[in-house]
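**Student:** Following this message is one structure expressed as structure tokens.
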Amino acid sequence: DFRRMAEQGQRVLFLNPRGSQGYGEAYAIANRGAWGDLDASDLLMAVEVATARPDVDPDRVAVMGESYGGFMTNWLIGTTKRFRAAVSQSCISDLRSEFLTTDDPPGMGWEFFGAPWEQPERYEHYSPITHVQAVTTPLLLIHSELDGNCPINQSEQMYMALTVLGREVEFLRLPGEGHLINLVGRPSSRLARAGAVDRFLPLE
């Protein structure tokens, strides 16, 4: 994606905010139990630094992410108005139903210090779907139908909520594929995904 976008003349900012790998254990767990706090702050600060460059238009900025990055995309457009468009892939929109349908509930429980019935306020607050009424950013959702890690119901919920609210939203479903299609999907599915992104993201 990033090379293709750069070749098309777009500026690409790729980040490892707090909660990511590569900077030690403390950094990697800094957002535990609070996805959307420190990590979102890191991303937004980096966007402001990047858009201060003379070769970047600060009014034509999009956000895109996959898996946890899809969660963050949903979170950012529900809690800020910073972005002109968004692409959320293999996302999480509701932490409670994610816990109940993912193939890794223990992992979710570790991240949020317990199950949804043990941490109801935490699961409620940090679910992007909780903030969906605030979303005005046009959104493209891309999700594989056989995704076991982030089941497709996560995109279905986001799509239905935004549709009911009358917001601009599109949804590409990819049959026969699992998680992280951009890395392991069939060539035809990867091309369909890339084509949908290319059609959606030019910010004229």
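**Student:** Within a Cβ distance under 12 Å of residue 31, other residues only, what is the Lys/Arg minus Asp/Glu net charge? Let's see the in-between values first.
**Tutor:** Working: positive: 18, 32; negative: 37, 39, 42, 111.
Residues close to residue 31 contribute a combined charge of -2.
**Student:** Based on the Cα coordinates of region 58-144, what is the per residue volume of their convex hull in Å³?
**Tutor:** 88 Å³
**Student:** A further question follows. Run the quick spin-label model on residue 52 and residue 118: label points 7 Å from Cα toward the beta carbon, then report their separation in nm to one decimal.
**Tutor:** 4.3 nm
**Student:** Any idea what % of Cα-Cα pairs in the chain are farther than 20 Å? Before the final figure, lay out the partial values.
**Tutor:** Numbers: 11610 of 20706 pairs.
Value for the chain (Cα pairs over 20 Å): 56 percent.
**Student:** Here is a further query. Run through every distinct alpha carbon pair of region 122-204 and return the Kirkwood hydrodynamic radius in angstroms, one decimal place.
**Tutor:** Working: mean 1/r = 0.0724 Å⁻¹.
Its Kirkwood hydrodynamic radius stands at 13.8 Å.
**Student:** Could you please report the charge total around residue 185, scoring K, R as +1 and D, E as -1 over all other residues with beta-carbon less than 10 angstrom from its beta-carbon? Intermediate values should be presented prior to the final figure.
**Tutor:** Details: positive: 186, 190, 193; negative: 177.
Residues close to residue 185 contribute a combined charge of +2.
**Student:** Just need log10 I(q)/I(0) for region 1-104 at q = 0.23 Å⁻¹, Debye formula, equal scatterers on the alpha-carbon atoms, no solvent, rounded to two decimals.
**Tutor:** Taking Cα atoms of region 1-104 as identical point scatterers yields -1.39.
**Student:** Label points 7 Å out from Cα along the Cβ direction at residue 160 and residue 44: separation in nm?
**Tutor:** 3.0 nm
**Student:** Quick one: grab Rg to one decimal and Dmax as a whole number for region 157-204, Cα atoms only, in Å.
**Tutor:** 12.8, 35
**Student:** Using Cα pairs under 8 angstrom and six or more residues apart, how large is the relative contact order of region 56-95, in percent? Please list the in-between numbers first.
**Tutor:** Values: 62 pairs, mean separation 19.6, N = 40.
After rounding, I find 49 percent.
**Student:** Got the relative contact order for region 16-65 handy, in percent, Cα pairs under 8 Å and 6 or more residues apart? Can you show the working numbers first?
**Tutor:** Values: 33 pairs, mean separation 12.0, N = 50.
24 percent.
**Student:** While we're on this one: Which whole-number percent is the relative contact order of the chain (Cα, under 8 Å, 6+ apart)?
**Tutor:** Numbers: 333 pairs, mean separation 35.3, N = 204.
Answer for the chain is 17 percent.
**Student:** Also: How much of the DSSP bridge set in the chain is antiparallel, in percent, rounded to the nearest 5? Please list the in-between numbers first.
**Tutor:** On the way: 0 of 15 bridges.
Antiparallel bridges: around 0 percent, rounded to the nearest 5.
Read the figures in this text as sums done on the coordinates, not as results from a lab. Quantities reported herein were computed from a predicted structural model and do not represent experimental measurements. Backbone-built Cβ (ideal geometry, glycine too); neighbour counts: all protein chains shown.
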